[in-house]
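Structure record follows, encoded as structure tokens.
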Amino acid sequence: MKFVSLVWCNLRRKKLRTWLTILSVFVAFVLFGLLCALKEAFTAGVAVAGADRLIARHKVSLIMLLPESYSRRMRQIPGVDSAVHFTWFNGIYQDDARNFFASMPISDPEEFLKIFPEYVLPESARKEWMATRTGAIVGRSLAGRFGWKVGDQVPLKSPIWPRKGGGAWEFKIVGIYEGAKRATDTSGFYFRYDYFDEARMRGEGEVGWYAIRVADPDQAERVASALDAEFVNSPFETKTEPEGAFAQGFAQQIGDIGTMLIAILSAVFFTILLVAGNTMAQAVRERTEELGLLKAVGFTNGLVLVLVLAESTLIAMAGGLTGLGAAWLITAGGSPMPSVLPVFYLPPHLLLVGLGMIFGLGLIAGLLPALDAMRLRIAVALRRQA
Amino acid sequence: MISWLNQILSVTLFSLRTIPERKGSAFSAAIGIAGVVAVLVGVLSIAEGFRAAMSVPPNQHVAIVLRSGADSEMTSGLSREETRLIGLAPGIHEGPNGPMASSELFVMINLPKKSTGTDANVPMRGVEKEAAAVRGDLRVIQGRMFESGRSEIIVGAGAARAFSGLDVGQTLRVGANEWKVVGIFSGGGGAAESEIWTDAAVLQPAYNREDSFQSVYARLETEGAFQKFKDALSTNPQLKVRTLLQSDFLAEQSSILTGFIETIGMSIAGLMALGALFGALNTMYTVVASRSREIATLRALGFGASPVVISVLFESLLIALLGGSIGAAAAYGAFDGFQAATINWQSFSQIAFAFAVTPKLLVMAIVWAAVIGIIGGLFPALRAARLPVAIALRET
């Protein structure tokens, strides 16, 4: 401990350089944090996919509709516990295309909440929803985006589904659901199919896709094949796959762009680290003679090594920890573009990876010059100064 | 004045000659700046490429008509009677076979993307005879045009590159239907190259669409004819439609994605520029510190403060420009023409496009590098000029 002041003095010797180095490390780790949040956002659906859930859609494309009557036939297939269907509604709030979010009628509130336990809704709201035909539930982040409260009347327009008699669809917000996990998307708007089906101008009895809960997750693949076999050779053939695979396919539609952005960000991160690391190493290399002097007055090789490493690790930590903290604060503020990235947060396990990289940076930047200094013969070092 | 310029010249040349002595730190600052520039150009080239893929040739005056309230072709719907009325409106270019208008159907099919192997939403368009003439610049570059009334398709060049199973001669099975790929086309404006085209009359029954369409594309007589065309449609009591120029429609369709990429690109590049700026400042401060005795000697010999400031600034600018050029060249080599496909959320369909490193981006890259270089050099340069000569001379 008594050498702390020595490390401190070394750090203060060129204050400006120390500060600038800390700041570049800071920037690098802010970027790292944002990169992690972005990567998580692209794959969020995969992370929360339920192992016991299947998604069945029209074989040709997700935009093709399926008959509503499939619910009953699906439930009769062995291994199927329950099924709920969704239809893409494309609701627009206040006639502004930017006020766009995922809105869908769902066949049965009770079954919906059973199949998706990660949507946490208070019991009173659930009862209210069962009793209110025009009732809708919204996710916490969506409610925050528009300042909606329970009890609000929300009119939405749908370019796909005009209402009989024209005009906007009226909904009453009966509850705000929370996500059971941080990766749970709470930007959704769900309402009742009976209201939707009765009031839509056309397409009666047609629905978008089904989510099916299987009794035994180990049997999911078998049940998926049985479901597709049930509807084969009908005008509405299905493609059923585990929710994880479905979400993955969906995420990969972004494809090359996501990969590209992440590759570019990684390149940035390492470039900054390289430059900062080089400066840190430079700061030690300049003092080789001094380190020789320390050894001359009796410092052991190991102690010199520790002193140098402590210095570089301190710089890395000062910049890195504040950088990660700043990234955490930024992501805690929510998604910068909720319509493209509904889920945006910094997952804790990646924070740990960040911590690892901070120490890695400190050690690597300090190690090479420190090893040089350690191996230096005292006589040579002292003569160099002269 | 002349002697002042002389001073600047000799001090600057002198400091440039000594750069090799500190090539390590100069090099690391240049690399930092090269990184910033490469990233900035790389990310923005995605947005540029996407925008280029979603644009129409400047002399192509095409109007698109959707159902009123529809924000994309996907959410639109028009009956046969409505499309007939639209085709009769004034302002449409009169071709050899009557008004140049095509009623079209827009659906999705799932095809595996070559790069990931997973299913993607590929747009499929049913068109009428006039469709190619309406667009003007559509060319079949391989194979032939589909024949009307048959289950034949032609594939946009971008789609053929990005998705599997779309080579000429292959057969595509979609639901109960089989489609034969008979040609590859290019041009057509907008996202056409990402699409698969067939005869609307064949696509309608295949997708249970009865006799309905989703949009009408019409070639206008002149650019000025648009208002006449639009007014005629909006005053027709039998129609409730939304009429817009194809260029405006495409800009609207790509706004979210380009906005997203540009936001990310700019904020990343901004952060990165900050990082590189710290690197440049560090380098130049080190340079000034290591040369303080030299600078003091020059000052003692009678060189003024401003030539010293300018020489330091110049060195920093040179390093930055070197880094900027390396970065711009690297970005050009790595990104220009890179083929990609991504989903456009607003049309819910895949768009194939090529990254485009445009001259505008390269100029911007160099400007960013220069700004970083000047700011990075300015403070150290001022410090150099303020060095007290006597103390600096005594420094070891």
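The values are calculated or read from the model by the stated rules, or taken from the named source; none is laboratory data. All figures in this text were calculated on a predicted structure; none of them were measured in a lab. No Cβ is skipped: glycine too gets one built from the backbone with ideal geometry, and neighbour counts run over all protein chains shown.
Counting only residues that are buried (at least 22 other Cβ atoms within 10 Å of the Cβ), at pLDDT below 90 and within 11 Å of another protein chain (Cβ to nearest Cβ), give me the helices (runs of 4 or more DSSP H) lying completely in segment A:1-59 with at least 3 of them.
Once the helices (runs of 4 or more DSSP H) in segment A:1-59 are filtered for at least 3 residues that are buried (at least 22 other Cβ atoms within 10 Å of the Cβ), at pLDDT below 90 and within 11 Å of another protein chain (Cβ to nearest Cβ), what remains is A:15-42.
It is to be established whether one or more residues within segment A:280-295 are modelled with pLDDT of 90 or more, surrounded by 22 or more Cβ atoms within 10 Å (Cβ to Cβ) and not in a strand (DSSP E or B).
no
Pick out, from segment B:1-117, the helices (runs of 4 or more DSSP H) lying fully within it that include 2 or more residues that are touching a Pro at 6+ places or on another chain (Cβ under 8 Å).
B:2-17
Pick from segment B:53-71 the residues that are touching a strand residue (DSSP E or B) at 6+ places or on another chain (Cβ under 8 Å) and small (Gly, Ala, Ser): which of them is surrounded by the fewest Cβ atoms within 10 Å (Cβ to Cβ)?
Looking at residues that are touching a strand residue (DSSP E or B) at 6+ places or on another chain (Cβ under 8 Å) and small (Gly, Ala, Ser), I get B:68.
May I ask you to say which residue of A:280, A:357, A:337, A:317 is without any contact (Cβ under 8 Å) to a residue 24 or more places away in the chain and in contact with a helix residue (DSSP H, G or I) (Cβ under 9 Å, 6 or more places away or on another chain)?
Sole residue among the options that is without any contact (Cβ under 8 Å) to a residue 24 or more places away in the chain and in contact with a helix residue (DSSP H, G or I) (Cβ under 9 Å, 6 or more places away or on another chain): A:337.
Please state which one of B:312, B:357, B:367, B:308 is surrounded by fewer than 16 Cβ atoms within 10 Å (Cβ to Cβ) and assigned by TED's automatic domain parsing to the domain that holds residue B:41.
B:367
Which ones in segment A:320-334 are touching a residue at least 40 places away in the same chain (Cβ under 8 Å) and not aliphatic (A, V, I, L, M)?
A:320, A:322, A:323, A:328, A:331, A:334
Answer yes if at least one residue in segment B:241-249 is closer than 25 Å to residue A:275 by Cβ, within 12 Å of chain A (Cβ to nearest Cβ), more than 25 Å from the chain's Cα centre (by Cα) and surrounded by fewer than 21 Cβ atoms within 10 Å (Cβ to Cβ), and no otherwise.
No: zero hits.
With B:260, B:226, B:278 as the choices, which residue is more than 10 Å from chain A (Cβ to nearest Cβ) and of a type in the set (Phe, Trp, Tyr)?
Of B:260, B:226, B:278, the one residue that is more than 10 Å from chain A (Cβ to nearest Cβ) and of a type in the set (Phe, Trp, Tyr) is B:226.
Please state which of the following conditions residue A:263 fails to meet, knowing it meets all the rest: (1) surrounded by fewer than 17 Cβ atoms within 10 Å (Cβ to Cβ); (2) modelled with pLDDT under 80; (3) not assigned by TED's automatic domain parsing to the domain that holds residue A:22.
(3)
Hey, among the residues in segment A:109-120 that are surrounded by fewer than 19 Cβ atoms within 10 Å (Cβ to Cβ) and more than 17 Å from residue A:195 (Cβ to Cβ), which one's nearest to the chain's Cα centre (by Cα)?
That would be A:118.
Among the numbered criteria (1) touching a residue at least 60 places away in the same chain (Cβ under 8 Å); (2) surrounded by fewer than 21 Cβ atoms within 10 Å (Cβ to Cβ), which single criterion is violated by residue A:84?
(2)
Going by what's in this entry, would residue A:196 be described as outside the structural domain of residue A:342 (by TED's automatic domain parsing) and within 27 Å of the chain's Cα centre (by Cα)?
Considered against the rule, which asks whether it is outside the structural domain of residue A:342 (by TED's automatic domain parsing) and within 27 Å of the chain's Cα centre (by Cα), residue A:196 comes out as no.
Determine which single condition residue A:246 fails, assuming it passes every other condition in (1) more than 9 Å from chain B (Cβ to nearest Cβ); (2) surrounded by fewer than 22 Cβ atoms within 10 Å (Cβ to Cβ); (3) under 20 Å from the mean Cα position of the chain (by Cα).
Residue A:246 satisfies all of (1) more than 9 Å from chain B (Cβ to nearest Cβ); (2) surrounded by fewer than 22 Cβ atoms within 10 Å (Cβ to Cβ); (3) under 20 Å from the mean Cα position of the chain (by Cα) except (2).
Out of B:317, B:313, which single residue is part of a helix (DSSP H, G or I), at pLDDT 85 or above and touching a Leu at 6+ places or on another chain (Cβ under 9 Å)?
Being part of a helix (DSSP H, G or I), at pLDDT 85 or above and touching a Leu at 6+ places or on another chain (Cβ under 9 Å) holds for just one of B:317, B:313, which is B:313.
If only one of B:134, B:140 is more than 30 Å from residue A:166 (Cα to Cα), of a type in the set (Val, Ile, Thr) and not in a strand (DSSP E or B), which one is it?
B:134
A quick yes/no check of all residues on (1) out of contact with any helix residue (DSSP H, G or I) (no Cβ under 6 Å at 6 or more places or on another chain); (2) farther than 30 Å from residue A:64 by Cβ; (3) modelled with pLDDT of 95 or more; (4) among the small types (Gly, Ala, Ser):
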site: A:136; (1), (2), (3), (4): yes, no, yes, yes
site: A:140; (1), (2), (3), (4): yes, yes, no, no
site: A:145; (1), (2), (3), (4): yes, yes, no, no
site: A:162; (1), (2), (3), (4): yes, no, no, no
site: A:166; (1), (2), (3), (4): yes, no, no, yes
site: A:171; (1), (2), (3), (4): yes, no, yes, no
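Being within 14 Å of chain B (Cβ to nearest Cβ), surrounded by fewer than 18 Cβ atoms within 10 Å (Cβ to Cβ), in contact with a Gly (Cβ under 9 Å, 6 or more places away or on another chain) and not in a loop (DSSP other than H, G, I, E, B), is that true of even one residue in segment A:89-107?
Within segment A:89-107, one or more residues are within 14 Å of chain B (Cβ to nearest Cβ), surrounded by fewer than 18 Cβ atoms within 10 Å (Cβ to Cβ), in contact with a Gly (Cβ under 9 Å, 6 or more places away or on another chain) and not in a loop (DSSP other than H, G, I, E, B).
Look at segment B:83-123 and say how many of its residues are free of Cβ contacts under 8 Å to residues at least 12 places away in the same chain and either surrounded by 22 or more Cβ atoms within 10 Å (Cβ to Cβ) or in contact with a strand residue (DSSP E or B) (Cβ under 8 Å, 6 or more places away or on another chain) (or both).
Counting residues in segment B:83-123 that are free of Cβ contacts under 8 Å to residues at least 12 places away in the same chain and either surrounded by 22 or more Cβ atoms within 10 Å (Cβ to Cβ) or in contact with a strand residue (DSSP E or B) (Cβ under 8 Å, 6 or more places away or on another chain) (or both) gives 3.
Looking at (1) within 14 Å of another protein chain (Cβ to nearest Cβ); (2) surrounded by fewer than 19 Cβ atoms within 10 Å (Cβ to Cβ); (3) not polar (S, T, N, Q), which is the one condition that is false for residue A:68?
For residue A:68, the failing item is (1).
Anything in segment A:325-378 that is within 14 Å of another protein chain (Cβ to nearest Cβ) and part of a helix (DSSP H, G or I)? List them, or say none.
A:326, A:327, A:330, A:331, A:361, A:365, A:368, A:369
For residue A:212, indicate whether it is away from chain B (no Cβ under 14 Å), among the β-branched types (Val, Ile, Thr) and either assigned to a helix (DSSP H, G or I) or in contact (Cβ under 8 Å) with a residue 24 or more places away in the chain (or both).
Considered against the rule, which asks whether it is away from chain B (no Cβ under 14 Å), among the β-branched types (Val, Ile, Thr) and either assigned to a helix (DSSP H, G or I) or in contact (Cβ under 8 Å) with a residue 24 or more places away in the chain (or both), residue A:212 comes out as yes.
What single numbered condition from (1) under 26 Å from residue B:193 (Cα atoms); (2) more than 10 Å from every other protein chain (Cβ to nearest Cβ) fails to hold for residue B:287?
The single condition residue B:287 does not satisfy is (1).
Only one of B:324, B:275 is at pLDDT 90 or above, crowded, with 19+ Cβ neighbours inside 10 Å, assigned to a helix (DSSP H, G or I) and not polar (S, T, N, Q); which?
B:324
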